[in-house]
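Asker: Have a look at this one.
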Amino acid sequence: MELKEKLIASFMAFENQVDIDSPVHDVRSEAIKQFETQGFPSKKEEAWKYTSLNSILKHDYSVFPKHENTVEYNDVKKFFIHDIDTYKIVFIDGKYASHLSQTTHDGIDVCLMSSALNKPKYRILIENYFNKIAAKDSLTSLNTAFSQEGAYIHIPKNKLVAKPIQIVHFSTGNESALMLQPRNLIVVDENSHVQIIERHQSLTDNPVLTNTVTEIYTNKRAIVDYYKIQNDNENASLIDNTFINQKQESVASLHTFSFGGKLTRNNLNFYQNGERIDSTLKGVTIIGNKQHVDHNTLVHHIEPNCESHQDYKGIFGDSSTGVFNGKVLVNKEAQKTNAFQANNNILVSDKASINTKPQLEIFADDVKCSHGCTIGQLDESAMFYMRSRGIPEKEAKALLMYAFSNNVLSSVKIPEIKQRITKIIATKLGVNIGFDL
Amino acid sequence: MLKISNLHASVEDKAILRGINLEVKAGEVHAIMGPNGSGKSTLASVIAGKEEYEVTEGEILLNDENIDELAAEERAHKGIFLSFQYPVEIPGVSVTNFMKTAINETRKAKNLPDMPANEMLKMIREKSELLEIDRKFLSRSINEGFSGGEKKRNEIFQMAMLEPKLAILDETDSGLDIDALRIVANGVNKLKSKDNAVIVITHYQRLLDYIVPDFVHVLYNGRIVKSGGKELAHELEEKGYDWIKEEINA
């Protein structure tokens, strides 16, 4: 059976297992219809021209793991930011792992999507926010149809959440191939501030396909800093669909660090529904072998006096491929918009490639919008300069690559995350040097 | 220390060095002068191991070892230092971190442990004072936005940190005002000892008033066509290079 048919057939069983009376039942049913009509995206679609899902859709994925597996904290500690105190919402093969988690209801809700969807006390929030900004495209719809588990975070107004929140999904290889559909909902009310780190990690070499959807609502003057660490092994693929709805004067920043995985597709959508909003989208991609990373971003400027800053750096080695497709849409009413976009790439190998496509649609006449993309090689004269001072070729390359990414890293506000990313980069580049630049 | 015999080198099949012979002993300062395009910078780059240049004939011996097959970093580990005519800007890498990496990689090559941080800091402080370098300057990206004088001072600062056996100063005086020239020359002179050697490549004689050479060589068309003592530099300053060209062409 093709994966599409298998998923549609599984839906009935899934709906029977969860609460049919739940208000999201209709949402799910509508979503599976959407998926059935659209099917998986193909390269014929403009947005998927350079990313083919064929190689990852051929596996016979389990949709619901039959067994529960457990992992010990010490075995997976390294995948956490563990040197600071954090809230943790952790899942193993899509199931909540309470022994690895640290949730809270003390003034804020850092807990599970499943309880938010089922418990009456969350009903109003779910009605107001669940699936309100998620798109109706096939992959998002597929996730919506199977939405049951993930992180639910609600920060009421005037809260500065001191501890960052980690959302971590482990897959154990319990099944020969596993497909996961995590669903996160994050609502940050007026004047509140929260920092979130998200990571997907496969613990074996079995193929894993994660199709995740995150909806984030930043209400008036709220601040959200979101970090995605994508360093999974090379049998795991990730399709990340993130939707951020910003109200006036809110500030949202999202950093994506893509080093691992077989295929990674980030669909990142920012909607600015208010004035004086600030949105930041940054990313560093360093990949090799046959890895593929595709950043597909949208910033929709709807109202006046808002800003957006996009800065994506990519370093591609071996036969790896990259895609950057950055769309900035400025409505006619969105005067005085400042929208900046940069995408800089280095191809380290002759076989690596990058397709980069800035897309600006501007309907307002009093705006500042800029975009620039570059594709180049490592600076040979800089290489000789460094080597002539005794820095070996590999280390010199690594230092140059790190320096190239530094603009993105410098805006990471949590030092422990920055250290972690630095360490991952050093490992990825096979060097043992400190990059405290 | 350095012995170059019959060195021929070319870039993209264009011969630039056509039979250089030069011997530099420990404790000596050699000046290499010559008109533009005579091959001075090429010679410096070939000694330092720039890969674009192909040695087609002859050899370079460093302490009796042929270094032709060694990569630039391996030559650096053996004590060769090239002060660049045009130091390269490396955005995002601070002077301090660059130096730390260079020193520790050099130590690693010699099977030595990393230099302890306090020792490194002390050394950085001493050497930056020697070159009258502001500490703030050390946290800036290497050469990025540096003035000509700052770039050259930074080169000599790096030389001071790396303590090379053989330092080649390629047009270190170009772009320097008289104060910076004095600081740079003073730095070089303080680093000079009976165990190391310096090759000063320059177009003009003025740097040689401060770094006094034991030998002066004139490079023309890829060959050393004249050698002498420091008085040769004065003669060149007075009469220019035309008389040498005439002598050769005659």
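The values are calculated or read from the model by the stated rules, or taken from the named source; none is laboratory data. Keep in mind that what you see is a predicted model, and the values were worked out from it rather than measured. Ideal geometry is used to build each Cβ from the backbone, glycine not excepted, and the neighbour counts take in all protein chains shown.
Asker: Output the number of the condition that B:ILE178 fails; it satisfies all remaining conditions of (1) without any contact (Cβ under 8 Å) to a residue 12 or more places away in the chain; (2) within 16 Å of B:TYR86 (Cα to Cα).
Answerer: (2)
Asker: Quickly run through the stretch A:231-261 and pick out the residues that are assigned by TED's automatic domain parsing to the domain that holds A:ASN54, of a type outside the set (Ser, Thr, Tyr), closer than 23 Å to A:THR172 by Cβ and in contact (Cβ under 8 Å) with a residue 60 or more places away in the chain.
Answerer: Correct list: A:ASN231, A:ALA236, A:ILE239.
Asker: Please state which one of A:TYR50, A:TYR61, A:TYR73, A:TYR87 is within 30 Å of A:PRO156 (Cα to Cα), in the same structural domain as A:ASP240 (by TED's automatic domain parsing) and aromatic (Phe, Trp, Tyr).
Answerer: Within the list A:TYR50, A:TYR61, A:TYR73, A:TYR87, the selection yields A:TYR87.
Asker: Which of the residues spanning the stretch A:367-388 are closer than 19 Å to A:LYS313 by Cβ and either within 14 Å of chain B (Cβ to nearest Cβ) or surrounded by 13 or more Cβ atoms within 10 Å (Cβ to Cβ) (or both)? Show your work before the answer.
Answerer: First, pick out the residues of the stretch A:367-388 that are closer than 19 Å to A:LYS313 by Cβ: A:370-379, A:382-383.
If the condition is that a residue be closer than 19 Å to A:LYS313 by Cβ and either within 14 Å of chain B (Cβ to nearest Cβ) or surrounded by 13 or more Cβ atoms within 10 Å (Cβ to Cβ) (or both), then A:HIS371, A:CYS373, A:THR374, A:ILE375, A:GLY376, A:LEU378, A:ASP379, A:ALA382, A:MET383 are the ones that fit.
Table: residues versus (1) surrounded by 21 or more Cβ atoms within 10 Å (Cβ to Cβ); (2) touching a strand residue (DSSP E or B) at 6+ places or on another chain (Cβ under 7 Å).
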position	(1), (2)
A:ILE315	yes, yes
A:SER319	no, no
A:VAL330	yes, yes
A:GLN335	no, no
A:GLN341	yes, yes
A:ALA352	yes, yes
A:LYS357	no, yes
A:LEU360	no, yes
A:ASP365	no, no
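Asker: Out of (1) surrounded by fewer than 19 Cβ atoms within 10 Å (Cβ to Cβ); (2) farther than 27 Å from B:ALA167 by Cβ; (3) within 12 Å of chain B (Cβ to nearest Cβ), what's the single condition that is false for A:PHE404?
Answerer: Answer for A:PHE404: the failing condition is (1).
Asker: Which of (1) more than 14 Å from every other protein chain (Cβ to nearest Cβ); (2) among the basic types (Lys, Arg); (3) over 25 Å from the mean Cα position of the chain (by Cα) does A:LYS357 not meet, given it meets every other one?
Answerer: (3)
Asker: Something else: Considering only residues that are charged (D, E, K, R) and crowded, with 23+ Cβ neighbours inside 10 Å, look in the stretch A:216-239 and name the one that is modelled with the lowest pLDDT.
Answerer: Taking the stretch A:216-239 as the starting set, the residues that turn out to be charged (D, E, K, R) are A:220-221, A:225, A:228, A:232, A:234.
Checking which are crowded, with 23+ Cβ neighbours inside 10 Å leaves us with A:228, A:232.
Details: A:LYS228: 97, A:ASP232: 92.
This residue is A:ASP232.
Asker: Go through B:THR96, B:THR101 for me and flag whichever is among the hydroxyl-bearing types (Ser, Thr, Tyr), without any contact (Cβ under 8 Å) to a residue 24 or more places away in the chain and either surrounded by 19 or more Cβ atoms within 10 Å (Cβ to Cβ) or out of contact with any Leu (no Cβ under 6 Å at 6 or more places or on another chain) (or both). Working first, answer last.
Answerer: Working: B:THR96 fails: without any contact (Cβ under 8 Å) to a residue 24 or more places away in the chain.
Among B:THR96, B:THR101, only B:THR101 is among the hydroxyl-bearing types (Ser, Thr, Tyr), without any contact (Cβ under 8 Å) to a residue 24 or more places away in the chain and either surrounded by 19 or more Cβ atoms within 10 Å (Cβ to Cβ) or out of contact with any Leu (no Cβ under 6 Å at 6 or more places or on another chain) (or both).
Asker: Further, regarding this structure: For the structure I just gave you, tell me whether A:ARG420 is crowded, with 22+ Cβ neighbours inside 10 Å, modelled with pLDDT under 95 and either out of contact with any strand residue (DSSP E or B) (no Cβ under 6 Å at 6 or more places or on another chain) or not in a helix (DSSP H, G or I) (or both). Please lay out each step first, then the result.
Answerer: Numbers: crowded, with 22+ Cβ neighbours inside 10 Å: yes; modelled with pLDDT under 95: yes; either out of contact with any strand residue (DSSP E or B) (no Cβ under 6 Å at 6 or more places or on another chain) or not in a helix (DSSP H, G or I) (or both): yes.
Yes.
Asker: Please verify whether the stretch B:109-131 includes one or more residues that are away from chain A (no Cβ under 13 Å), in contact with an Asp or Glu (Cβ under 9 Å, 6 or more places away or on another chain) and at pLDDT 90 or above.
Answerer: Yes, the conditions are met somewhere in the stretch B:109-131.
Asker: Next question, about the same structure. I'm trying to understand the selection: among the residues of the stretch A:177-200, which are in a strand (DSSP E or B), buried (at least 20 other Cβ atoms within 10 Å of the Cβ) and over 13 Å from the mean Cα position of the chain (by Cα)? I'd like the intermediate steps shown before the answer.
Answerer: Looking only at the stretch A:177-200, we keep the residues that are in a strand (DSSP E or B), and these are A:178-180, A:183-188, A:193-200.
Applying the additional criterion that residues be buried (at least 20 other Cβ atoms within 10 Å of the Cβ) yields A:178-180, A:183-188, A:194-200.
Within the stretch A:177-200, A:LEU178, A:MET179, A:LEU180, A:LEU185, A:ILE186, A:VAL187, A:VAL188, A:VAL194, A:GLN195 meet the criteria.
Asker: On to the next question. Tell me which residues, restricted to the stretch B:139-154, are surrounded by 19 or more Cβ atoms within 10 Å (Cβ to Cβ) and of a type in the set (Gly, Ala, Ser).
Answerer: B:SER141
Asker: List the number of the failed condition for A:SER22; all other conditions in (1) exposed (fewer than 15 other Cβ atoms within 10 Å of the Cβ); (2) small (Gly, Ala, Ser); (3) part of a loop (DSSP other than H, G, I, E, B) hold.
Answerer: Tallying (1) exposed (fewer than 15 other Cβ atoms within 10 Å of the Cβ); (2) small (Gly, Ala, Ser); (3) part of a loop (DSSP other than H, G, I, E, B), A:SER22 fails exactly one: (1).
Asker: Something else now. Scanning the stretch B:130-151 for residues that are closer than 22 Å to B:THR106 by Cα and assigned to a helix (DSSP H, G or I), which turns out farthest from the chain's Cα centre (by Cα)?
Answerer: Let us first name the residues in the stretch B:130-151 that are closer than 22 Å to B:THR106 by Cα, namely B:138-139, B:141-143.
If we keep only those that are assigned to a helix (DSSP H, G or I) too, we end up with B:138-139.
On the way: B:LEU138: 21, B:SER139: 24 Å.
Out of the qualifying residues, it is B:SER139.
Asker: Residue pairs, Cβ under 6 Å, 6 or more apart or interchain, first in the stretch A:389-416 and under 18 Å from A:ILE375 (Cβ atoms), second of a type in the set (Ser, Thr, Tyr) and outside any helix (DSSP H, G or I). List them.
Answerer: Pairs found: none.
Asker: Confirm whether A:ILE391 is more than 8 Å from chain B (Cβ to nearest Cβ) and among the β-branched types (Val, Ile, Thr). Steps first, answer last, please.
Answerer: Details: more than 8 Å from chain B (Cβ to nearest Cβ): no; among the β-branched types (Val, Ile, Thr): yes.
So A:ILE391 fails the test.
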